[in-house]
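The values are calculated or read from the model by the stated rules, or taken from the named source; none is laboratory data. The model shown is predicted, which means the values in this text are computed figures rather than measured ones. Cβ: placed from backbone, ideal geometry, glycine included. Neighbour counts: every protein chain shown.
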Amino acid sequence: MANDLDNLLQFHAQALNLRATRQQLLASNIANADTPGYKARDIDFSKTLQDTLAGRVSPAQLARTAAAHIAPADQGAAGSAVQYRTMLQPSLDGNTVDMDVERAQFAENAIHYEANLMFINSQLKSLLAAIQG
């Protein structure tokens, strides 16, 4: 039963994790809009979700060559899928952040995140209704 429940909720759980990671990347892009030389980053959500569900994505790991090195923070499922965004309009300082694109992507990602939460909530309510009869 627990395995069936995991399978039922796995898609939306993975999607939520990737949406949260993408939201952090987009927020970082917006925060660094005025940083010279900053390169905007993003993930291809649909491809990364497919790879994650198929078990093909593993986070990039940094090599620790000495015991005194600090262990890197967990990068999540999208760690190796992060890419640089293609530049639409050149900037003199080398910054590739386009605020219009970033704001639109941020808002769209937030809406999809909320939708995933609603889907999980409705699935759990349906299960609860089935259990209670």
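Residues of the range 71-100 that are at pLDDT 85 or above and outside any helix (DSSP H, G or I): 82, 83, 84, 85, 91, 92, 93, 94, 95, 96, 97, 98.
Any chance the range 37-59 includes a residue that's of a type in the set (Asp, Glu), part of a loop (DSSP other than H, G, I, E, B) and at pLDDT below 85? Write out each step before concluding.
Here is the first cut: in the range 37-59, the ones of a type in the set (Asp, Glu) are 42, 44, 51.
Now drop any that are not part of a loop (DSSP other than H, G, I, E, B), which leaves 44.
Adding the requirement that they be at pLDDT below 85 leaves none.
No, the range 37-59 has no match at all.
Here residue 27 meets each of (1) under 12 Å from residue 102 (Cβ atoms); (2) assigned to a loop (DSSP other than H, G, I, E, B) with one exception, condition (2). Among the residues of the range 108-123, the ones that are closer than 16 Å to residue 7 by Cα and among the acidic types (Asp, Glu) come to 0 in all.
Against the numbered list (1) crowded, with 16+ Cβ neighbours inside 10 Å; (2) closer than 10 Å to residue 81 by Cβ, residue 16 comes up short only at (2).
For the range 112-133, a residue qualifies if it is loosely packed, with under 10 Cβ neighbours inside 10 Å and among the aliphatic types (A, V, I, L, M), and the qualifying residues are 128, 129, 130, 131.
Of all the numbered requirements in (1) assigned to a helix (DSSP H, G or I); (2) touching an Asp or Glu at 6+ places or on another chain (Cβ under 8 Å); (3) not basic (Lys, Arg), residue 17 misses one, and that requirement is (2).
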